[in-house]
Amino acid sequence: MHVERIWPGTRLRNYHYLIVCRETGDALAVDPWDAALVLETANRNGWNIRQILNTHHHHDHIGGNEAVRNATGARVLAHAGAASLIGGVDQGLTQGDVIRVGRTVELECLDTPGHTMSHVCLLAHAEQPALFSGDTFFNAGAGNCHNGGDPEALYETFASKLSRLPDHTQVHAGHDYMLNNLGFTLDREPDNAVAAGLRQLLADRTAEQMPVTTLAEERQFNTFLRLQNPRIIAGLRERFPDLPEHPTPREVFICLRSLRNNW
Ligand SMILES: [Zn+2]
Ligand SMILES: [Zn+2]
């Protein structure tokens with residue numbers, strides 16, 4: 001499997017991805033918005049886009065569907081619950097469905113509600129597993145719930161699915177928000193040396209130069225995976241006086257998500 005991360009330079013800092021079978025050159029385009037750039041990237045490399053996958057229905061994730069489909073004849077895949085919102089979907093996906101790209105790539109669909117209630121993440125089963133997390137899970141952060149989402153559902157998705165993936169899983173998110181998210185981490189955990197070092201290291205990098213993190217790394221600096229951290233809990237109790245001394249991970253997550261909304 002080859003993963004091509006594409007940076008279209010949108011105001012919303014989107015990443016697009018091409019997931020490519022190295023043997024056949026068949027490719028799946030994840031959340032294409034800038035269709036011209038996605039097509040140009042595939043053409044330049046001799047890849048054939050056979051499928052388009054939308055993680056969810058927001059416009060910046062589906063806006064290029066029609067142009068990519070017209071140019072390539074690709075089939076459009078999306079969460080079954082989002083198909084009517086997206087339009088033109090050839091295959092509705094549910095938890096556990098497997099998408100094949102060429103001969104060598106297998107992608108498992110994870111039903112991951114929270115950012116929207118019909119959101120899929122893709123998990124590539126390879127020597128190094130890879131997660132395509134859309135707007136559910138960001139590098140050093142979590143998706144918002146402003147446009148049709150629900151923080152409780154987002155917590156469930158993190159607790160029951162994403163946080164359980166193997167440490168060496170690579171995280172390919174739908175946007176580059178990493179530096180900003182590290183700022184939030186340090187706001188909650190000023191003594192997190194890993195987050196501080198990383199923010200310094202990445203300060204001058206462009207989105208194209210941002211690293212691909214692993215879940216093991218995320219566990220060190222992603223606040224939404226550090227729900228038992230005493231410093232985080234102490235800080236939250238100053239802001240949320242009703243939070244018990246020993247809150248559940250769910251309570252911590254909900255408070256963090258709420259705080260992040262206005263941070
Ligand atoms: Zn979104
Ligand atoms: Zn988005």
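Key figures
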{"item": "Antiparallel bridges, percent of DSSP beta bridges restricted to the chain (to nearest 5)", "result": "60"}
{"item": "Selection of GluC sites (Glu not before Pro), the stretch 1-88, meeting DSSP coil and at most 12 other Cβ within 10 Å", "result": "Glu23"}
{"item": "Fraction of accessible area attributable to carbon and sulfur, the stretch 72-227 (%, probe 1.4 Å)", "result": "46"}
{"item": "Calculated FRET value between Val194 and Asn70, using beta carbons and R₀ = 30 Å, to 0.05", "result": "0.10"}
{"item": "For the stretch 233-239, Karplus couplings with θ = phi - 60° (6.51, -1.76, 1.60), whole Hz, Gly/Pro x", "result": "5, 4, x, 5, 5, 5, 8"}
{"item": "Long-range amide H partners of Gly134 with built H, under 5 Å", "result": "Gly174"}
{"item": "Length released on extending from Asp204 to Ala126, taking residue separation times 0.36 nm less the Cα-Cα span", "result": "24.9 nm"}
{"item": "For the stretch 99-116, Karplus couplings with θ = phi - 60° (6.51, -1.76, 1.60), whole Hz, Gly/Pro x", "result": "10, 10, 10, x, 9, 10, 10, 10, 10, 8, 8, 10, 7, 10, x, x, 6, 10"}
{"item": "Net lengthening on full extension, Arg22/Asp187 (0.36 nm per residue, minus Cα-Cα)", "result": "55.2 nm"}
{"item": "Residue-wise HN-Hα coupling along the stretch 142-156, computed from phi with Karplus coefficients 6.51, -1.76, 1.60 (Hz; x: Gly, Pro)", "result": "9, x, 7, 10, 6, 10, x, x, 7, x, 5, 5, 5, 4, 4"}
{"item": "Loop-exposed trypsin sites (Lys or Arg not before Pro) per DSSP, neighbour cap 13 Cβ within 10 angstrom, longest uninterrupted part of the chain", "result": "104-204"}
{"item": "Low-density loop cleavage sites - GluC sites (Glu not before Pro) in the stretch 182-263, where at most 13 other Cβ are within 10 Å (DSSP)", "result": "Glu245"}
{"item": "Extension gain, Glu238 back to Asn45 (0.36 nm per residue minus Cα-Cα distance, nm)", "result": "64.1 nm"}
{"item": "CD proxy at 222 nm, helix term only [per DSSP H run n ≥ 4: -39500 (n - 2.57); per residue of the chain; nearest 500]", "result": "-9500 deg cm²/dmol"}
{"item": "FRET E, pair Leu179, Asn262, Förster distance 22 Å, beta-carbon r, rounded to 0.05", "result": "0.70"}
{"item": "For the chain, with +1 on Lys and Arg beta carbons and -1 on Asp and Glu, the positive-most of Asn261, Thr157, Leu182 along the dipole", "result": "Leu182"}
{"item": "Asp26 long-range amide H proximity, modeled H, under 5 Å", "result": "Cys21, Asn48"}
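The values are calculated or read from the model by the stated rules, or taken from the named source; none is laboratory data. Here the structure is a predicted model, which is why all the values come from computation and not from measurement. Backbone-built Cβ (ideal geometry, glycine too); neighbour counts: all protein chains shown. These accessible areas exclude ligands, DNA and RNA; they are computed on the full protein's heavy atoms, side chains included. Shrake-Rupley method; radii C 1.70, N 1.55, O 1.52, S 1.80 Å.
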